[in-house]
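Student: Structure below; questions to follow.
Taken together, the values in this text are just the output of simple stated rules run on the coordinates, not laboratory data. All figures in this text were calculated on a predicted structure; none of them were measured in a lab. Every residue, glycine among them, receives a Cβ derived from its backbone with ideal geometry; neighbour counts consider all protein chains shown.
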Amino acid sequence: MNSGRVNARIGYIAFNTFREAVRDRVLYNLIAFAVLLSGAAILVGEVSIDIERLVVVNLGLTAVSLFGVVIAIFIGIGLVSKEIDKRTLYTVLSRPVRRWEFVVGKFFGLTGTLVVNTFLMAVGVLLALLYVAHRFEKMDAWVLVALYFIVLQFLIVCALALFFSSFSTPLMSAVFTFALFVIGSLAEDLRGFAKITQGAAGVLAKAVAYLVPNFSALNVINQVARGDSIPGRLILYNTVYALLYSAMAISGAVLIFQRRNLK
Amino acid sequence: MAAIEILDLEKSYLVGFWRKRPKVALRPLRLTIEEGEVFGFLGPNGAGKTTTLKLLMGLVFPTAGTARILGLDMDDPQVKSQIGFLPEQPYFYDHLTARELLNYYGQLSGVPAKGRSARVEQMLQRVGLSDSAGVQLRKFSKGMLQRVGLAQAILHDPKLVFLDEPMSGLDPMGRREVRDLIQQLRHEGKTVFFSTHILSDAEALCDRVGVIHQGELRGVGAVAELTSGTKGRVEIVFFAQKVPAALASLGAEARVSGDMVNAVLPEEQQDTALDLLRRERIKLISLTPVRRSLEEYYIQKLRPTENCPEEGRKEASRKGVGV
C-alpha cells in the first residue's frame with residue numbers, strides 16, 4: 001500500500017466525519033454564537049465608553065473557545081466509540097483500511113469541522129469588532145493569532161477526547177477531557193505552585209503541571225483584547241507543543257485501538 | 001487453491017468483573033473452503049458463527065491459531081481488497097444516502113475514481129435500490145439496509161464474499177432475491193462463505209455446509225451427499241378414501257388426506273405394497289425413497305454428544321472433515 005493511497009483513505013474518512021458533523025447540525029451552534037455576539041456588540045456599543053474593543057474581543061474569543069471545546073469534547077468522545085457501538089466500523093475495517101488510518105482520519109475530520117466552525121465564528125468576531133470600532137486597526141491582527149491558538153487548543157482537546165474514548169465510556173471520556181481542559185487552563189498557576197512547593201508534594205505538583213496540556217499558554221485572549229502583541233517565538237513554541245501533544249495523545253489512542261476486540 | 005484455510009483458529013474472552021475467567025467463543029477450528037465454493041456455516045444463535053467471521057475480518061483477534069485467505073495470511077492488508085463482508089444486521093452511516101455510502105466504500109476499497117460512479121449505479125440497480133439511491137439511510141427499512149449491505153459487500157468485485165446471516169430479517173421476496181444474488185455470485189466464480197440458521201436456504205444454495213455449536217465445529221459435508229442417502233424407507237402416495245388393512249400390517253405409517261393416502265413403509269416391503277395396490281386396483285400417484293434432509297443432519301450434529309467421545313469430537317473439529 002503506497003502512501004498516496006493511505007493519505008487518500010485518511011482523507012475520505014476525514015471528509016465523511018466532517019460531512020456527518022455538518023449533517024448532524026453541529027454547525028447550528030453558529031446561530032447561538034451569532035445571537036450572543038451580535039447582542040453583546042449592540043449592548044456594548046450602547047453602554048461602554050472606550051472599552052468596546054476590549055469587551056467584544058474578550059467575549060467573542062472566549063465564546064469561540066468555549067463553543068469549540070464543547071463540540072470537540074462531545075463529538076470527540078464518540079468518534080470511535082459510536083462507530084463501535086453502531087457497528088458502522090465493521091464495514092470500514094473489513095476494507096483495506098488500517099485501524100490507525102481510521103483513528104487519524106476521524107481526528108482530522110473533527111478538527112476540520114472545528115476549523116470551519118472557528119473560521120465562521122472568527123468572521124463574526126471581526127464583524128462585531130468592526131461594528132463597535134467602525135474600522136480595523138493594526139493590533140486587530142493579533143486577534144487572528146489568538147484564534148490560531150484557540151484552534152491549537154481544539155487539536156489537543158480532540159486528541160484527548162479520542163484518547164480517553166479509546167478505553168473508557170463516553171461519559172467518563174467527557175469528564176476526563178473536560179477535567180484536563182480545566183486543569184490545563186490553570187497549568188501556569190500549577191507550575192508556579194510547583195516551584196514553591198517542596199518534597200513529595202512538590203514533585204507531584206511538578207509532574208502534574210508538566211504532564212497536563214498547557215492550555216493557559218495557548219490562551220492569549222486578554223493580551224490581544226488589550227492590544228498587546230504576541231511574540232513570534234510563542235507562536236512557534238505553541239505550534240510545536242500543540243502538534244506534539246496531539247500526536248502523543250493520538251498515538252496512545254491508536255495503540256489502544258489496535259489491540260481492541262470489536263465485540 | 002483454497003480460498004480459506006482456517007488453521008486451529010480459537011477465541012476466548014475474559015468475563016466477570018472481579019475474578020475474570022475465560023469464556024470460550026470458538027474452540028480450535030480447522031476448516032478449508034475451496035475457491036468457487038458456496039459454503040454454509042450453520043448453527044444456532046451464539047454458536048460461534050459471527051465470532052469466526054469477525055476473526056477472519058480482523059475485527060477481533062484470535063487467542064490462538066491463524067487463517068489463510070486467498071493464499072495470504074489473514075493479517076495481510078492485501079487480503080481486504082479481495083474480500084467483501086456483510087455483517088449481521090448491518091448498520092451504516094445513516095447521514096449518507098445509499099449512493100453516497102457506496103461511493104465512500106468504493107473510495108476506501110480502492111475502486112478507481114474513473115468508473116466508480118458507474119459501478120455504484122450498477123450495484124444499486126443489482127440490489128433493486130436505484131429508485132431510493134438519493135434517500136438518506138436513516139429512512140431505509142431493515143430490508144433495504146440489508147440490500148445496501150449486499151451491494152457494499154460486492155461493490156469492489158471481490159473474489160471472496162463473507163455474508164453473516166444475509167437472509168435475516170428479510171421478507172420472502174427479499175430472501176428470494178438474496179438467494180438469487182448468491183447464485184449469481186457462484187456463476188461468476190466467486191467464493192461465498194455465509195452463515196445462517198435457515199436450513200432451507202443452505203440446502204438450496206450451498207455446495208458444502210459446516211455445523212457449529214457451542215463454539216465447536218460438529219461436522220462438515222457436501223449438501224448433495226448429506227441429503228442423498230435414503231433412510232431405508234419409501235413414501236407411497238395413492239388414491240383411496242381409507243388405508244387398506246393389509247398395508248397397515250406391512251408396518252406402514254399412513255395418513256389419509258381427502259381422497260389420497262400417504263404411506264411410509266420399510267423399503268423391503270415396497271414390492272409387497274405395490275402388489276397389494278395392484279390387486280386392490282388402487283391408482284398409484286407416486287413412490288419415492290425417503291431422503292435424509294439437511295435438517296436431520298443439523299439436528300443430529302446439535303444433539304448432546306454423549307455418544308460421541310470428547311476426543312472424537314475434537315478430532316473431527318481439528319480435521320474439519322465430515323462426520
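Student: Could you give the alpha-carbon Rg of region B:145-298 over 2.2 N^0.38 Å, rounded to two decimals?
Tutor: Scaled against compact globular proteins, the figure is 1.44.
Student: A further question follows. With a bin width of 5 angstrom, please list the P(r) values of region A:69-169 as percents of all Cα-Cα pairs, from the 0 bin to the one holding the largest distance.
Tutor: Result, from short to long distances: 3, 12, 19, 18, 14, 11, 8, 6, 5, 3, 2, 0 percent.
Student: If you take each beta carbon of peptide B:72-84 and count the beta carbons of other chains within 10 angstrom, what is the mean?
Tutor: 2
Student: Rounded to the nearest angstrom and ordered from largest down, what semi-axes does the equivalent ellipsoid of region B:2-226 get from its C-alpha gyration tensor (root of 5λ)?
Tutor: They are 29, 20, 18 Å, listed from largest to smallest.
Student: Next question. Where the eigenvalues come from the Cα gyration tensor of region B:230-291, what are the semi-axes √(5λ) of the equivalent ellipsoid, largest first, in whole Å?
Tutor: Calculated on Cα positions only, the semi-axes equal 17, 12, 10 Å.
Student: I'd like the mean, over residues of B:50-59, of how many other protein chain beta carbons sit within 10 Å of each residue's own Cβ.
Tutor: Per-residue shielding by partner chains comes out at 3.
Student: Treat the count of other C-beta atoms within 10 Å as a stand-in for reagent exposure and order B:M123, B:M144, B:M167, B:M1 from fewest to most.
Tutor: Exposure proxy ranking, most exposed first: B:M1, B:M144, B:M167, B:M123.
Student: Computed over the Cα atoms of the protein assembly as shown, what is the convex hull's projected area averaged over all directions, in nm²?
Tutor: Approximately 38.7 nm², given one-decimal rounding.
Student: Report the normalised scattering of region B:133-200 as log10 I(q)/I(0) at q = 0.15, 0.23 Å⁻¹, calculated by the Debye formula with identical scatterers on the alpha carbons.
Tutor: For the requested q values the scattering log ratios are -0.49, -1.08.
Student: Checking the cross-link filter: which lysines have an alpha carbon closer than 19 Å to that of B:K142, excluding same-chain neighbours under 8 positions apart?
Tutor: A:K86
Student: Further question on the same structure: Among the lysines, select those whose C-alpha is under 16 Å from the C-alpha of A:K206, and discard any that sit fewer than 8 residues away in the same chain.
Tutor: Within the straight-line cut-off, A:K206 pairs with A:K195.
Student: Let me ask something else. Could you work out how far apart the two model spin labels at A:A207 and B:A245 are, taking each label as a point 7 Å from the Cα in the direction of the beta carbon, and quote it in nm?
Tutor: 9.9 nm
Student: Check every DSSP H run in chain B and write down those whose alpha carbon atoms cover 18 angstrom or more along the long axis and whose mean Kyte-Doolittle hydropathy is -0.5 or greater.
Tutor: Span-like helices here: B:142-154.
Student: Another question, then. Return the whole-Å distance between the Cα centroid of region B:118-165 and the Cα centroid of region B:25-54.
Tutor: Measuring centre to centre over Cα atoms gives 24 Å.
Student: Ordered by packing density, taken as the mean number of other Cβ atoms within 10 Å over each peptide's residues, highest first, how do B:26-32, A:27-33 rank?
Tutor: Ranked by mean Cβ neighbours within 10 Å, highest first: B:26-32, A:27-33.
Student: With N denoting the number of residues in region A:195-263, provide Rg(C-alpha) divided by 2.2 N^0.38 Å, to two decimal places.
Tutor: 1.58
Student: Report, largest value first, the span of the C-alpha coordinates of region A:107-162 along each principal axis, in whole Å.
Tutor: 42, 17, 12
Student: Under Stokes-Einstein, with the Kirkwood radius over Cα pairs standing in for Rh, what whole-number D in µm²/s applies to region A:3-258 at 37 °C and 0.692 mPa s?
Tutor: 169 µm²/s
Student: How big is region B:72-202 on each of its three principal axes, counting only the C-alpha atoms and giving the largest first in Å?
Tutor: Largest to smallest, the principal-axis extents are 40, 39, 25 Å.
Student: Reported to two decimal places, what Rg/Rh ratio describes region A:142-253 when computed on Cα atoms with Rh from the Kirkwood expression?
Tutor: Checking Rg against Rh, the ratio lands at 1.01.
Student: Which entries in B:K11/B:K159; A:K82/B:K11; B:K54/B:K190; B:K139/B:K301 show an alpha-carbon gap greater than 32 Å?
Tutor: B:K139/B:K301
Student: Counting only other chains, and only Cβ atoms inside 10 Å, what mean value do you get across the residues of B:100-110?
Tutor: What the average comes to for B:100-110 is 5.
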